[in-house]
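Right, one structure below, let's go through it.
The values are calculated or read from the model by the stated rules, or taken from the named source; none is laboratory data. Keep in mind it's a predicted model, so treat the numbers as computed, not measured. With ideal geometry, Cβ positions are generated from the backbone for all residues, glycine too; neighbour counts draw on all protein chains shown. The protein model used for the area step is the full one, side chains on, heavy atoms only, and it has no ligands, DNA or RNA in it. Shrake-Rupley method; radii C 1.70, N 1.55, O 1.52, S 1.80 Å.
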Amino acid sequence: MNWFDYKINHASTHDIREHLHQAWGNSHSLMSSDIEMEIYIEKIRVSAYTFECWDGNVLVGLVACYLNDLKSKTGFITNVSVISDCQKKGIGYKLITNVIREATRLTFKKIKLEVWRTNEQALLLYEKSGFCISGYKEDRYEMTYWIDQKNICVSISCITYNHELYIRQCMEGFLMQKTDFNFEVLIHDDASTDDTANIIREYEQKYPDIIKPIYQIENQYSKGIIISVTYNFPRAKGKYIALCEGDDYWTDPYKLQKQIDFLEANPDFSICFHNVKIREEENNCIVDDYITRDVPDITDIYQLVEDNYIHTPSVVFRKNEDVIKELSSSKHYIMDYVLHLLNARYGKIKKIPEDMAVYRVHVNGVWSMKDNEFKIRRWILVMKGLVSFFKQYDDKVLDILKRKYAQTAYSLVTLYRRNGINQNEETDELIKDVCEISPYYFCNLMNKDLFLLEKKINKYKNNILCESVFKK
């Protein structure tokens, strides 16, 4: 068994040079010349902290990190290397842990690094060490580790894009919270083209211990990336997660305290939400909620599966690593409703009957700008994903989801026919898919259009349940 010795700032220029030659090989993969490599080595020795792993007199592992930005308190890891004979022995993970420990001692706020997108081994190491993807640079990921100087109870996840008219009100709603616990604001700006990012930077400078932003240079939503699951939930340090998008805002300074007090006292509940008001920007007025249906103060997954009644800025839920992992690995479209249903498997749902937030309706909303076909298509993906999630969970919930999936698919077929849209191939695929998952409900919905059923579903009669509907 190898017994390694871990040190800080012990290696000489010669040690670092010999190590990098061994670790990188003769290619000098990061350097274009020997002269450039010598400059890099000297810069590491003089300006960076070197976290070292020694096997006798041989430097077998090296992580170099700049910890000299005392203004922003941001460290930057410039090198992580382990010689081939000593890989897969936990050396890299141990060295990065030592970096985090030293940066914490120096009261740094975060540590950053860059990694090639194709370097899967390095990505796994950094994710295991607590780093999260925070941006893109050409063919590299930028990753960040946020250091907590105090225990965080609630992580507020805020997604924003082109919300310069609203983001201040949103941020002030966070900062006015009066709590007996610590919270953090994980705000993700998705490459806004207006002044949103600059406004967030103002708050970041004033409240660096609370405001923890990611500023994208490329819009991630347009690439189909689910922002909260990819960027915010993995870096959440809190026991609980609260949601509020950048165009909504909180109105009660005790909102978080009330919700956390309830969840702490009632471990059999997984979700807590409250009533909201609706702000209609077009009419410049605030009205009662007309978007969701009214429900009792205590509900569960069987009420929620029928329809979503939880507004995004109202919800706080227990952070559940299993749920986050499920969402991260899903190939289906994800929205807040999916998150709520997955969380509802682990406990009941509490509604606090108080208005403590405002949900804003405006023409520039991401969802509001989409047409009916887009919205129905998205709901088809959501329903299909939920059917997949709940296959092994509960027959009653699964049956309701199958019915809703059939209803959504039927809505799209009806939309095509009503608008005279020729989508024969897509309709074929959709009907084939829904008949594999929910034939009974779909055929019942289409019973007024038997001629269409006979033409388009005939080849799928092998499905026993679907065939039985035809025979009736």
For the condition in a loop (DSSP other than H, G, I, E, B), within 21 Å of D190 (Cβ to Cβ) and of a type in the set (F, W, Y), what is the one hit in Y290, Y393, Y337, Y333?
Y333
Look at D300 and say whether it is acidic (D, E) and either open to solvent by less than 10 Å² (accessible area, probe 1.4 Å) or closer than 21 Å to Y240 by Cβ (or both).
yes
Take E245 and tell me if it is under 22 Å from M335 (Cα atoms) and open to solvent by 10 Å² or more (accessible area, probe 1.4 Å).
yes
Subset of segment 226-236 that is within 10 Å of L186 (Cβ to Cβ) and polar (S, T, N, Q) - its residue that is most open to solvent (accessible area, probe 1.4 Å):
S228
Wholly within segment 110-192, which strands (runs of 3 or more DSSP E) include no fewer than the required count, namely at least 1 residues that are surrounded by 21 or more Cβ atoms within 10 Å (Cβ to Cβ) and either among the basic types (K, R) or over 19 Å from the mean Cα position of the chain (by Cα) (or both)?
110-116
What number goes with the only condition from (1) part of a strand (DSSP E or B); (2) of a type in the set (S, T, N, Q); (3) free of Cβ contacts under 8 Å to residues at least 24 places away in the same chain that S222 does not pass?
(1)
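For segment 207-217, how many residues are in contact with a strand residue (DSSP E or B) (Cβ under 9 Å, 6 or more places away or on another chain) and at pLDDT below 90?
Result for segment 207-217: 2.
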Residues being assigned to a helix (DSSP H, G or I), touching a residue at least 40 places away in the same chain (Cβ under 8 Å) and open to solvent by 40 Å² or more (accessible area, probe 1.4 Å) - total across segment 248-261
1
Restricting to segment 198-225, and then to whatever is surrounded by fewer than 19 Cβ atoms within 10 Å (Cβ to Cβ) and among the aliphatic types (A, V, I, L, M), can you tell me which residue is nearest to I111 (Cα to Cα)?
I210
Do you know which of the residues in segment 310-345 that are of a type in the set (G, A, S) and modelled with pLDDT of 95 or more is surrounded by the most Cβ atoms within 10 Å (Cβ to Cβ)?
S314
